[in-house]
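To keep things clear, I will list the structure first and then write my remarks on it.
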């Protein structure tokens, strides 16, 4: 298993934890270190490799799943009103009660959007710096400041790092876009008069 942030190995799965005969978590050990348990939802498979997501990304994905459930619920309520199956006044009362209870979840989702956006910005900066490192290495090779063996080794390391960054970039953009789209959908159902949100 590898760390999603660094791509470095962090340990091996020693046991799959079952609840009602369904896998729910894994236990990981690294060398002589302690055994640590992680939920399956915090793991990601990419190109045949297993990655452990950072807790903030795992939390954002969980928040997104919760917001999708909220969106499905408010969308269904809106469809019932639009079809005339429930009165608008009843809908507004139910919606107020439901959204009042979901307010903290909506607030958390907005905070998670900011967290993902901040991490995406930092990732883009790292990618820019890593591209500059590749250019610098190529210049050093041209000037023969670096021998061919060291150059090839460093370029290969940077290629692997680029693959990791592409995965990270895709993951962050996907979560951010889906969270944004889901929240806009919720707000449009709850506040149709302000659908320009």
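All of the numbers you see were taken from the coordinates with simple rules; none came from a lab. All values derive from a computational prediction rather than experimental measurement. A quick note on method: Cβ atoms are made from the backbone with ideal geometry, for glycine too, and the neighbour counts reach across all protein chains shown.
Find the centroid of the Cα atoms in region 26-57 and in region 5-25, then give the distance between the two in whole Å.
Cα centroid to Cα centroid, the span is 6 Å.
Measure off 7 Å from each Cα along the Cα-to-Cβ vector at residue 69 and residue 27, then give the distance between these two points in nanometres to one decimal.
2.9
What is the spin-label model distance, in nm, from residue 62 to residue 157 if the labels are put 7 Å beyond Cα along the C-beta direction?
Going by the 7 Å Cα→Cβ label model, 3.6 nm.
If the elastic network links every pair of Cα atoms under 10 Å, which of 89, 21, 178 fluctuates the most in the Gaussian network model of the chain?
21
Springs between alpha-carbon atoms under 10 Å, Gaussian network over the chain: tell me which of 18, 57, 179 tops the mean-square fluctuations.
With Cα springs under 10 Å in the chain, the top fluctuation among 18, 57, 179 is at 18.
Of the candidates 33, 11, 185, which one comes out as most mobile in a Gaussian network treatment of the chain with C-alpha springs shorter than 10 Å?
Comparing 33, 11, 185 in the GNM, the peak value goes to 33.
Can you bin region 1-53 into rounded, prolate or oblate? Criterion: square roots of the alpha carbon gyration tensor eigenvalues sorted a ≥ b ≥ c, rounded for a/c under 1.5, prolate for a/b above b/c, oblate for the rest.
On the way: a/c = 2.34, a/b = 1.27, b/c = 1.84.
In terms of gyration-tensor shape, oblate.
Report the FRET efficiency, 1/(1 + (r/R0)^6), for residue 94 and residue 184, where r is their Cβ-Cβ distance and R0 is 30 Å, rounded to 0.05. The partial results should precede the final answer.
Details: r = 21 Å, r/R0 = 0.71.
That gives a FRET efficiency of 0.90.
Evaluate E = 1/(1 + (r/R0)^6) for residue 173 and residue 85, where r is the Cβ-Cβ distance and R0 equals 45 Å; express this FRET efficiency to the nearest 0.05. Mind dumping the intermediate values first?
Details: r = 38 Å, r/R0 = 0.85.
E between residue 173 and residue 85, to the nearest 0.05, is 0.75.
As an exercise, use a Förster radius of 45 Å and the Cβ-Cβ distance of residue 103 and residue 15 to find the FRET efficiency, rounded to the nearest 0.05. Numbers along the way, then the final one.
Details: r = 39 Å, r/R0 = 0.88.
Computed FRET efficiency for residue 103 and residue 15: 0.70.
Counting only helical runs of four or more DSSP H residues, what would the 222 nm mean residue ellipticity of the chain come to if each run contributes -39,500 (n - 2.57) and the total is spread over all its residues? Show your work: numbers first, answer last.
Working: 3 runs with 126 residues, N = 197.
After summing the helix terms and dividing by residue count, I get -23500 deg cm²/dmol.
Using percent of Cα pairs over 25 Å apart as the read-out, say which of (1) 44; (2) 56; (3) 36 was calculated from these coordinates.
So the structure-derived entry is (2).
On full extension of the chain, what length is gained from residue 117 through residue 166, given 0.36 nm per residue of separation minus the C-alpha to C-alpha distance? Don't skip to the answer; put the middle values down first.
Working: separation 49, 0.36 × 49 = 17.64 nm, distance 1.59 nm.
Gain on extension, residue 117 to residue 166, equals 16.1 nm.
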